[in-house]
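First the structure, then my questions, so here it is.
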Amino acid sequence: MDVPLPAGLRFAKMQGAGNDFVVLDLRDGMSCPSPRQLVALANRHFGIGCDQIMTIGPSEMADAALRFFNPDGTESGACGNATRCAVVWLGGVPGRRYRLATAAGVLVAERLEDGQVRVDMGPPRLGWRDVPLAREMDTLALDLPGAPVACSMGNPHVTFFVDDLDATDVAGLGAAFETNTLFPSRANIGFAQMTGAASMRLFVWERGAGATLACGSGACAAGVAAIRRGLAYERIAIAMPGGDLAVEWRGEGVWLSGPARMVFEGRVG
Ligand SMILES: N[C@H](CCC[C@H](N)C(=O)O)C(=O)O
């Protein structure tokens, strides 16, 4: 890891349910680090360390434009927890609706009176080409062991329903399925255990990041999967290792709610 870090780069460290982010505000003209520098900044030993880097840029059609980069340097079209953190960074005025331009579309988000932040992640894309899959298949039960459910939230998600999450090899199975040839863009792999008609436990192995303490778009995908399978109704409480999220889906946009916190601000040496 001999990539020189961009000296003087100002950043913020934020987290949502333990999913942690380096936030780079480029709206005042600060240049975006190179892809190799982004990888170095995300490294937890040689850099700042995070699950994703989020850049916040100017936008003519929204309050800001967001981009998301995994620690392996790949860019994602969606990142639910980072999007929620962006609302806090932009001021987080309760009751104000923030419009955030992303590769998956312009999302609407707001700070709730209890301090949590919720975002409309847009509708799930349920077709096999949307995920995307390498060949035509029913996304409600993929032709894979465990017959998982697939969708896109602007990024590809596959959700397995398991009886005992603690007995599930999340890292081994997650890494194997992430790069399965059925997923030409790879995939985020979720493992969900229903704990009631309106609740589940969820672990996610993230594409390009590995196991994280929470995954916002993964929670949306798992909630949609449960509702499509008839395992839950419109709103689901989702307990993840780093904290609790909530997902609501009534057939249109998927609303993701949860905590979003500033941790510290810093400057690269
Ligand atoms: N690793 C994901 C992006 C981050 C998703 C997650 N952190 C979230 O909150 O949605 C991907 O490559 O699609």
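Filter region 30-55 down to residues that are at negative phi and among the small types (G, A, S) and give me whichever is most open to solvent (accessible area, probe 1.4 Å).
Filtering first and then ranking leaves S31.
Right, next: With the structure loaded, tell me whether E110 is part of a loop (DSSP other than H, G, I, E, B) and more than 22 Å from G266 (Cβ to Cβ) or whether it fails that test.
Criteria not met by E110.
Of everything in region 70-107, what is in contact with a Lys or Arg (Cβ under 6 Å, 6 or more places away or on another chain), assigned to a loop (DSSP other than H, G, I, E, B) and either open to solvent by 30 Å² or more (accessible area, probe 1.4 Å) or assigned by TED's automatic domain parsing to the domain that holds E206 (or both)? Give them in sequence order.
P94
When you go through G115, G122 one by one, which is the residue that is more than 12 Å from the ligand (Cβ to nearest atom) and exposed (fewer than 14 other Cβ atoms within 10 Å of the Cβ)? I'd like the intermediate steps shown before the answer.
On the way: G122 fails: exposed (fewer than 14 other Cβ atoms within 10 Å of the Cβ).
Of the residues listed, the single one that is more than 12 Å from the ligand (Cβ to nearest atom) and exposed (fewer than 14 other Cβ atoms within 10 Å of the Cβ) is G115.
Mind checking which residues of region 17-64 are farther than 19 Å from E75 by Cα and not acidic (D, E)?
A17, G18, R27, G29, M30, H45, F46, M61, A62
Per-residue answers, yes or no, for (1) open to solvent by 50 Å² or more (accessible area, probe 1.4 Å); (2) under 13 Å from the mean Cα position of the chain (by Cα); (3) closer than 24 Å to T74 by Cα; (4) free of Cβ contacts under 8 Å to residues at least 60 places away in the same chain:
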residue	(1), (2), (3), (4)
F177	no, no, yes, yes
A187	no, yes, yes, yes
T195	yes, no, no, yes
W205	no, yes, yes, yes
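Which condition number does S257 fail, the rest of (1) buried (at least 17 other Cβ atoms within 10 Å of the Cβ); (2) touching a Lys or Arg at 6+ places or on another chain (Cβ under 6 Å); (3) over 22 Å from R111 (Cα atoms) being met?
The failed condition is (3).
Moving to a separate point now. Quick test for you: out of R27, R67, pick the one residue that is outside the structural domain of P156 (by TED's automatic domain parsing), under 19 Å from the mean Cα position of the chain (by Cα), open to solvent by 40 Å² or more (accessible area, probe 1.4 Å) and under 18 Å from T83 (Cβ atoms).
After applying the criteria, what remains is R67.
Test A7 against the criterion of being touching a residue at least 40 places away in the same chain (Cβ under 8 Å) and assigned to a loop (DSSP other than H, G, I, E, B), and give yes or no.
It is true that A7 is touching a residue at least 40 places away in the same chain (Cβ under 8 Å) and assigned to a loop (DSSP other than H, G, I, E, B).
The values are calculated or read from the model by the stated rules, or taken from the named source; none is laboratory data. Note that the structure is predicted; figures quoted are calculated from it, not measured. Heads up, the Cβs are rebuilt from the backbone with ideal geometry, glycines too, and the neighbour counts pull from every protein chain shown. Ligands, DNA and RNA are excluded from the accessible area calculation, which covers all protein heavy atoms including side chains. Shrake-Rupley method; radii C 1.70, N 1.55, O 1.52, S 1.80 Å.
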